[in-house]
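Written below as structure tokens is the structure these notes are about.
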Amino acid sequence: MQELQKIKEAAEFIKARIPFIPDVAIILGSGLGILADEVEEKIEIPYSEIPHFPVSTVQGHAGKFIFGKLEDKNVLLMNGRFHFYEGYSMKEVTLPIRVFKMLGVKKLIVTNAAGGVNTNFKPGDLMIIKDHINFSMANPLIGRNIDEFGPRFPDMSNAYDKELVELAKKVAQKVEVPVVEGVYFMLTGPNYETPAEIRAIRKLGGDAVGMSTVPEVIVANHCGIKVLGISCITNMAAGILDQPLNHEEVIETSMKVREKFIRLVKGIVKEM
Ligand code: HPA
């Protein structure tokens with residue numbers, strides 16, 4: 001079946017189950033699924049029920065959409081995303097974004113857990129993403145361009161919408177959640193980086209490193225969805241501290257920051 005047809009069928013399935021067009025979609029990163037508890041009038045749709053949807057497998061990822069109200073806005077939460085390192089193709093990883101577009105979504109908040117590369121950062125910091133470096137050596141837009149979504153050679157000069165970045169910083173002050181700002185650097189994973197890779201990333205301009213987000217942001221920009229990105233710095237990247245990295249630490253830190261994270265995201269959604 002043609003890609004566009006699959007996307008349309010997935011979107012039709014969802015449309016039939018929700019009473020509204022979401023104002024904003026929010027992709028929840030590792031350990032950040034807790035935001036789902038804040039949503040009212042919830043309608044949950046597991047990915048496994050949606051035609052053509054892959055199913056997420058990683059620990060800490062649930063795998064469902066949650067529609068409902070957050071700060072009186074209609075929101076669509078994506079609890080559990082698809083990662084390239086799980087073996088999904090870039091097209092599968094980004095399928096939900098095009099489904100969002102078909103549903104009428106105009107704004108997207110992407111969140112993730114990331115390692116701190118900038119030595120001024122500390123675990124527990126929330127980083128507003130101002131730009132990214134795609135070092136995955138892959139791209140979800142490779143292949144025939146679907147003109148219905150966007151142009152063959154899309155502009156990426158405002159990949160993280162400047163107005164949304166400003167809004168996020170303003171809200172952060174208002175709700176008294178300190179934030180840092182930086183460039184997100186994507187590698188595929190699944191291994192954490194070597195200390196030499198982290199030194200290279202720092203030289204190349206990365207402030208935080210992670211294994212997600214960039215494919216979704218590329219596809220969102222292609223189809224004209226405005227993006228805001230927030231990284232939870234769950235650990236210092238390899239070689240900065242004299243200790244090995246593990247997934248438990250990542251989940252543990254995201255648990256610790258959840259109250260701040262929720263306050264910030266709710267504040268942003270309210271003002272969007
Ligand atoms: N590296 C890559 N991805 C990550 C990290 C890291 O240190 N922490 C959380 N996600």
- [ ] Give the shape of region 218-272 as rounded, prolate or oblate, defined through the alpha-carbon gyration tensor: a ≥ b ≥ c are the square roots of its eigenvalues, a/c under 1.5 means rounded, and otherwise the shape is prolate if a/b is larger than b/c and oblate if not.
- [x] oblate
Task: the chain: antiparallel DSSP beta bridges as a percent of all, rounded to 5 - done: 35 percent
Open item on the list: Connecting C-alpha atoms closer than 10 Å in a GNM of the chain, tell me which of Asp207, Asp23, Asp125 has the biggest fluctuation.
Closed with: Asp23
Open item on the list: I need the Kirkwood Rh of the chain: take the reciprocal of the average 1/r across all distinct C-alpha pairs and report it in angstrom.
Closed with: 18.6 Å
- [ ] In Å³ and rounded to a whole number, note down the convex hull volume per residue for the Cα atoms of region 1-42.
- [x] 107 Å³
TODO: Could you sort 81-89, 113-121 so that the peptide with the highest average Cβ count within 10 Å comes first and the rest follow in order?
DONE: 113-121, 81-89
Open item on the list: Taking 27 Å as the cut-off for C-alpha to C-alpha distance, list the pairs among Lys6/Lys64; Lys15/Lys170; Lys6/Lys169 that go past it.
Closed with: Lys15/Lys170; Lys6/Lys169
TODO: Any chance you could give the angle, 0 to 90 degrees and rounded to 10, that helix 195-204 forms with the longest Cα principal axis of the chain?
DONE: 70 degrees
Open item on the list: Can you give me the solvent accessible area of Thr234 with a 1.4 Å probe, rounded to the nearest 10 Å²?
Closed with: 0 Å²
Task: ³J(HN,Hα), Karplus 6.51/-1.76/1.60, whole Hz, each residue of region 182-189, x for Gly, Pro - done: x, 9, 8, 10, 9, 10, 6, x
Open item on the list: Between Lys106 and Asn246, what is the label-point separation in nm under the 7 Å Cα-to-beta-carbon projection?
Closed with: 4.7 nm
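Could you grab the relative contact order for the chain? Cα pairs under 8 Å, six or more apart, rounded to a whole percent.
Once divided by the residue count of the chain, the mean separation gives 26 percent.
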Task: Estimated inter-spin distance, Ile18 and Asn191, nm [label 7 Å along Cα→Cβ] - done: 3.9 nm
- [ ] Show me 63-73, 29-39, 238-248, 162-172 ranked by packing, highest mean number of other Cβ atoms within 10 Å first.
- [x] 29-39, 63-73, 162-172, 238-248
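The values are calculated or read from the model by the stated rules, or taken from the named source; none is laboratory data. Bear in mind that the values here come from a model prediction, so they are computed numbers and not experimental data. Positions of Cβ are generated from backbone atoms using ideal geometry, with glycine treated the same way; all protein chains shown enter the neighbour counts. Areas reflect the complete protein model, heavy atoms only, side chains present, ligands, DNA and RNA absent. Shrake-Rupley method; radii C 1.70, N 1.55, O 1.52, S 1.80 Å.
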